[in-house]
1. Enter the per residue convex hull volume of chain A, computed from alpha-carbon coordinates, in Å³ rounded to the nearest integer.
2. Any idea how far apart residue A:58 and residue A:45 come out in nm if each label point goes 7 Å out from Cα toward Cβ?
3. Roughly how many nanometres apart are two label points built 7 Å out from the Cα toward the Cβ at residue B:97 and residue A:87?
4. Quickly work out the residue A:116-to-residue B:159 label distance, labels modelled 7 Å from Cα along the C-beta direction, and quote it in nm with one decimal.
5. Just checking the output field for B:102-109: average partner chain Cβ neighbours within 10 Å of each residue's Cβ?
6. Quick one: in the protein assembly as shown, what % of C-alpha pairs are over 29 Å apart?
7. What is the average number of partner chain Cβ atoms found within 10 Å of a Cβ in B:191-200?
8. Averaged over its residues, how many other protein chain Cβ atoms are within 10 Å of peptide B:150-159's Cβ atoms?
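No value in this document is a laboratory result; all are computed from the given coordinates. This structure is a prediction, so every number in the text was calculated from the model and none was measured. Don't worry about glycine lacking a Cβ; one is built from the backbone with ideal geometry, like all the others, and counts go over all protein chains shown.
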């Protein structure tokens with residue numbers, strides 16, 4: 001019994017062993033970690049401030065499925081949810097001098113992480129992705145993001161939100177190399193204390209990124225008879 | 001840490017802005033259109049056929065032919081060159097890893113691009129572009145047989161780098177012979193993108209949703225909610 005427990009524990013440790021991370025390439029978010037444990041992405045009960053909870057309850061009471069879902073309104077999810085999705089849409093990481101660029105198939109979004117900038121510039125306009133700076137240390141990528149557009153219901157955040165991300169490579173066993181993201185959200189306007197989430201990604205080398213255009217329905221409404229318009233068809 | 005291009009290969013990584021005054025028109029003129037090409041051009045209706053009005057991408061080659069001052073961001077590694085067009089959020093990937101086009105590619109907006117370096121010049125060949133896209137803002141259309149050849153030449157000038165694009169289109173359905181045009185881009189400092197594509201969706205999609213909600217409401221009143229399973 002004791003021996004098998006040791007074997008099990010060392011297997012766990014082995015499966016979780018960090019390795020030199022080559023972050024470039026195509027990754028697929030997954031809900032299941034290397035040893036079968038689930039993500040701890042957005043918490044079931046985040047430490048909401050009472051007034052934030054009241055806003056959330058109001059949002060839920062007036063929820064309109066057509067208008068209030070970011071995906072349905074074709075807007076980017078933005079940070080932090082941008083990195084926490086488990087739908088099967090890949091992302092591609094491209095590393096160039098002083099920069100990491102993340103291209104998301106879902107909603108055709110892009111995120112930039114500046115490795116050659118030590119501090120966030122002053123006077124940033126808030127965007128869906130925010131402004132990200134990062135650095136490598138011991139094969140782990142550390143990223144800090146500010147200036148994210150407020151909103152994000154039902155996972156809300158305010159203008160002072162700061163996100164800290166740490167990415168490391170782990171051996172996913174049969175799943176191959178995996179990427180583990182630990183993300184800490186610190187937002188004094190909405191939460192009483194910082195909290196940390198975890199997301200896993202699997203490496204999908206060779207997968208060609210597809211196109212995703214959310215407004216395709218809108219396009220089709222106006223343009224649904226291409227065959228009738230094209231003489232060579 | 002990352003895959004750098006070989007020493008002698010130019011590095012196009014950075015932000016580029018088209019110089020409208022240095023763009024040339026198509027040659028030869030008059031345009032060598034087939035009768036089918038002429039008829040679809042005559043039938044062009046921007047309110048229905050221009051993807052840009054619907055927050056859709058411009059597609060290849062229209063994305064590289066734009067002359068409005070919207071940045072093109074280029075990311076270059078040894079295996080791939082990626083274009084991100086800020087205006088519509090178009091993304092193009094040009095594979096440099098020696099692969100060929102797929103035998104039976106599925107057409108999409110960006111098409112399938114492969115490229116190689118010849119000295120200071122990047123040569124790109126693109127196939128499989130959807131017939132829903134336009135060649136350029138004039139309303140010129142194309143078939144799925146269209147082939148786009150581009151050369152991007154890096155020129156270093158005293159007042160900064162230039163990227164000179166020569167773009168040639170072959171399409172037996174719309175053109176009796178190839179047509180060619182040129183563009184020039186200048187290198188600019190990287191600026192944080194404005195996420196303009198998202199804001200296009202915000203305006204246009206709102207209008208669509210309002211109409212959609214009215215339609216849904218009518219449907220609900222007429223048929224009850226059971227028929228709305230799986231509705232967006």
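1. 198 Å³
2. According to this spin-label approximation, the distance is 2.4 nm.
3. Each label point is offset 7 Å from its Cα along the Cβ direction, giving 2.6 nm.
4. With each label point 7 Å from Cα toward Cβ, the separation is 2.4 nm.
5. 1
6. For the protein assembly as shown, the fraction of Cα-Cα distances above 29 Å is 55 percent.
7. Mean shielding count: 5.
8. That works out to 0 on average.
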